[in-house]
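Nothing in this text is a laboratory measurement; each read-out follows from the coordinates by a stated rule. Just so it is clear, the structure is predicted and the values come from calculations on it, not from any experiment. All Cβ positions, even for glycine, are placed from backbone atoms using ideal geometry, and neighbour counts span all protein chains on display.
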Amino acid sequence: MLQRIEYACAGLLLGAVVILVGIAAVTRGMGMPIIWSVEVAQLLFVWLVVIAADLGMQTNRHFGMQIMLDNVPSSIRKATEIANILVMIGLLAMLFYYAWNNTILIHSRLDGALQLPGSYYHGSMVVGFGLLIRTLLVQLFQRIRNWDEV
Amino acid sequence: MLLTIAGLFALFLILGMPIAFALALASIPVFVVTGTMPPTVAVQKMVTATQSFPLLAVPFFIFAGNLMNATGITERLVNFARLLTGWMAGGLGQVSIVLSLIMGGISGSAVADASMEARLLGPSMIAKGGYSKAATAAVLAFGSIITATIPPSIGLILFGFINNVSIGQLFLGGVLPGLFLTVLLMVTAYIVAKRNGYRADLPQMPALRELAASFVESIWALAFPVVLIVGFRFGWFTATEAGAFLIFYALFIGMFIYRDLTWARFYDAVKDSITDLGMIMLLIMMAAVLGYAVTIERGPQQITEFVTSLTSEPAAILVLVTLLLIVSGMFLEGAANILLVTPIVLPVLTQAGFDPVHMGILIVSLINFGGLTPPVGVIMFTVCGILGVKTGAFTKAALPYYVAMLLFFVAVALIPGLSLLLPKALM
């Protein structure tokens, strides 16, 4: 369910970014450029990226080197994979904390022609790390529960 | 500190950590332990990494490529390539090489091209063409490299973005080397086919009228790279705007001309693009943090000093860098390699007097070549996975193509004109 919402949000954001950049190019070509168009596109893009990164995690798209794990006994492999997930959760929790501090810190900075608060951009990181932590926790429990399977 | 970063990165990589996370983990000590920079800066760097207008071209071209496949343009291009070269020795192998060249003009990713061709052409090459599985995998994998040099190429966009080199010039620079590589691979495939008795796909050359009809059907795809280059030349649009334009172009063709684009196909194209985008952007964000950490620690300067202390001969420096890139290409995936290694080696090369556009073409092809070599080769894995080939058999069947690639690299390195003629003449 959450995954479908995420895909829908990401799809809409992607469409909006494409259309905004298209509009900016066309209006510039006609000699009456819209300044805010690209700015909004870039704001939406960072939000698109964090949702897409989480969807990438859910569909196992963030690849690493498998060569070592493919050549050890399966119990070691499974243990390493679980340890990796724990390390990633630890890293993301730390980044989540700093992202939150950063969002508060940067809220008062106004950006670009629209003078948007910096937190509109940087808040995406808080949400992104949060989503990734949730996905990894789900994967962690799945792996522990299915320990006996291959 | 630089050694600590490199050591941590290697450690997490070997443990099978996703590369994006290995990058972040390796750079944490710089922010946390040394205290020169507060860790919030690391988070800020991730946000800034996404706020680059040229970089928006990457998701656009990924989306456009997936859409093009969904519009049914690919089937028409296969037909055109088949009429064009199917009658030669090696039949479908030649078709796959030419198809990569044509697809290169609308799609920017070698992996996507290789997997599409392995599904589309692979089975009939084995069943009808007399190819062994391994030989099929080899010709498909090597052909896909052409995609990465013909504009629009995701690798060249990333290279231009991270090193501040003009993406338009890089695109133009890739055209001649891409054509040269096509000819080189076709000759190799011809020799291999003659020696192993692979059959041609068509009994004789097609009638000119048949070829012309297929050309007209495919004109929408064939025209695009030309529009792209002309547009750059006259400054009509930037690479990013061209990407957005290509998406509308693909939608238009799919809905009104070929009418093959269904909602289900459209939805799949969107979904695939989003996960592709999530994968590559997370990598870019984390690489930006590590790149920043390495810069604080004066990494590029130290490495430049180290290299120049070994030799100041430009040719020797080029050989050293080439070897380094081949080795790092063997272990790292292409995008990670471009984002991580090129900002470190390009300054060394430009200081030795090499042109950044010329080097960009050479470096990006070298890095893509890494996708074809064990132990870690993304293109190789993709094709072998789809066709069910072991990597050992692949490398054996690929030997003649490795030789062809070597020739290609020597030619690109020694003849700057190959890469620089078009950008100099047109821009």
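Charge dipole (Cα centre; +1 on Lys/Arg Cβ, -1 on Asp/Glu Cβ; no other charges) of the stretch B:277-427 amounts to roughly 340 debye. If you take all other residues with their beta carbon under 13 Å from the beta carbon of B:ILE379, and give Lys and Arg +1 and Asp and Glu -1, the sum is -3.
To test your reading of the geometry: what angle, between 0 and 90 degrees and rounded to tens, separates the Cα axis of helix B:378-387 from the longest principal axis of chain B? Roughly 40 degrees between the two axes.
Among B:LEU399, B:LEU366, B:LEU15, the largest mean-square fluctuation in a Gaussian network model of chain B (Cα springs under 10 Å) belongs to B:LEU15. Apply 1/(1 + (r/R0)^6) to the Cβ-Cβ distance of A:ARG145 and B:ASP260, taking R0 = 30 Å, and write down the FRET efficiency to the nearest 0.05. Rounded to the nearest 0.05, the efficiency is 0.10. Diffusion coefficient (Stokes-Einstein, Kirkwood radius over C-alpha pairs, 20 °C, 1.002 mPa s) for the stretch B:276-319: 172 µm²/s, rounded to a whole number.
Over the whole of B:190-199, what's the average partner chain Cβ count within 10 Å per residue? Rounded to a whole number, please. Show your work: numbers first, answer last.
Working: counts 0, 0, 0, 0, 0, 0, 0, 0, 0, 0.
Mean shielding count: 0.
Computed about its Cα centre, the charge dipole of chain B is approximately 780 debye, with only Lys, Arg, Asp and Glu carrying charge at their Cβ.
Here the stretch B:351-410 and the stretch B:305-333 have alpha carbon centers that stand 17 Å from each other. Highest mean first, the peptides B:386-398, B:75-87 sorted by other C-beta atoms within 10 Å per residue fall in the order B:75-87, B:386-398. Using just the C-alpha positions of the protein assembly as shown as equal point scatterers, what log10 of I(q)/I(0) does the Debye formula give at each q in 0.07 1/Å? Relative scattering, expressed as log10 I(q)/I(0), comes to -0.41.
Taken residue by residue and averaged, Cβ atoms of other chains lying within 10 Å of the Cβ of A:8-21 number 4.
For chain B, the relative contact order works out to 26 percent when only alpha carbon pairs closer than 8 Å and six or more residues apart are counted. Cα centroid separation, the stretch B:21-36 to the stretch A:1-71: 27 Å.
On a 0 to 90 degree scale, rounded to 10, what angle separates helix B:39-50 from the longest Cα axis of chain B? Between helix and principal axis, roughly 30 degrees. Normalised by residue number, the volume inside the convex hull of the Cα atoms of the stretch B:234-384 is 161 Å³ per residue. Dipole orientation for the protein assembly as shown: of the candidates B:ALA239, A:MET1, B:THR395, B:THR395 has the Cα lying most toward the positive pole (charges on Cβ; Lys, Arg +1; Asp, Glu -1). Overall size of the stretch B:47-204 from C-alpha positions, given as principal axis extents largest first: 55, 29, 25 Å.
Taking A:ASN101, A:ASN84, A:ASN71 in turn, the Gaussian network model of chain A (Cα-Cα springs below 10 Å) assigns the largest fluctuation to A:ASN71.
Among B:VAL307, B:VAL33, B:VAL378, the largest mean-square fluctuation in a Gaussian network model of chain B, built with springs joining Cα atoms closer than 10 Å, belongs to B:VAL33. Classify the stretch A:23-108 from the C-alpha gyration tensor, please: rounded if a/c falls under 1.5, else prolate or oblate depending on whether a/b exceeds b/c. Oblate, since a/c reaches 1.5 and b/c is not below a/b. Equivalent ellipsoid of chain A: semi-axes from √(5λ) of the C-alpha gyration tensor, largest first, are 38, 19, 12 Å. Between 0 and 90 degrees, rounded to the nearest ten: what's the tilt of helix A:35-58 against the longest Cα principal axis of chain A? Tilt relative to chain A: about 10 degrees. Taking the charge dipole of the stretch B:101-248 about its Cα centre, with +1 at Lys and Arg Cβ atoms and -1 at Asp and Glu Cβ atoms, the residue from B:GLN204, B:ALA114, B:PHE159 reaching farthest to the positive side is B:GLN204. Farthest toward the positive end of the dipole of the protein assembly as shown, out of B:ALA57, B:THR342, B:GLY385, is the Cα of B:GLY385, where the dipole comes from beta carbon charges about the Cα centre. Evaluated at q = 0.12 Å⁻¹, a Debye calculation over the C-alpha positions of the stretch B:150-286 (equal weights, vacuum) places log10 I(q)/I(0) at -0.76.
3J(HN,Hα) couplings calculated from phi for the stretch B:151-167 with the Karplus curve 6.51 cos²θ - 1.76 cosθ + 1.60 (θ = phi - 60°) are, in sequence order, x, x, 10, 4, x, 5, 4, 4, 4, x, 5, 7, 10, 6, 10, 4, 5 Hz; Gly and Pro show x. Using bins of 10 Å that start at zero, the share of Cα-Cα pairs per bin across the stretch B:1-94 amounts to 13, 22, 22, 17, 17, 9, 1, in whole %. When the Cα convex hull of the stretch B:242-316 is projected onto planes of every orientation, the mean area is 8.9 nm².
Taking the inverse of the mean reciprocal distance over all distinct Cα pairs, the Kirkwood hydrodynamic radius of the stretch B:70-133 comes to 11.9 Å. Shown here: the stretch B:87-179, whose C-alpha atoms stretch 47, 21, 18 Å along the first, second and third principal axes, sorted largest to smallest. Starting from the Cα of A:ALA113, move 7 Å in the Cα-to-Cβ direction to define the label point; list residues of the stretch A:6-39 whose amide nitrogen is under 16 Å from there. A:20-39, by backbone N distance to the label point. Partner shielding of B:331-337 amounts to 1, given as the average count of beta-carbon atoms from other chains within 10 Å of each residue beta-carbon. With a Förster radius of 45 Å applied to the C-beta separation of B:ILE296 and A:SER74, the computed FRET efficiency comes to 0.65. Each semi-axis of the equivalent ellipsoid for chain B is √(5λ) with λ an eigenvalue of the Cα gyration tensor; in descending order they amount to 36, 24, 21 Å.
If R0 is 30 Å, the Cβ-Cβ spacing of A:ILE104 and A:ILE82 corresponds to a FRET efficiency of close to 0.35. Note on the stretch B:60-191: with charges restricted to the Cβ of Lys and Arg (+1) and Asp and Glu (-1), its dipole about the Cα centre is near 240 debye.
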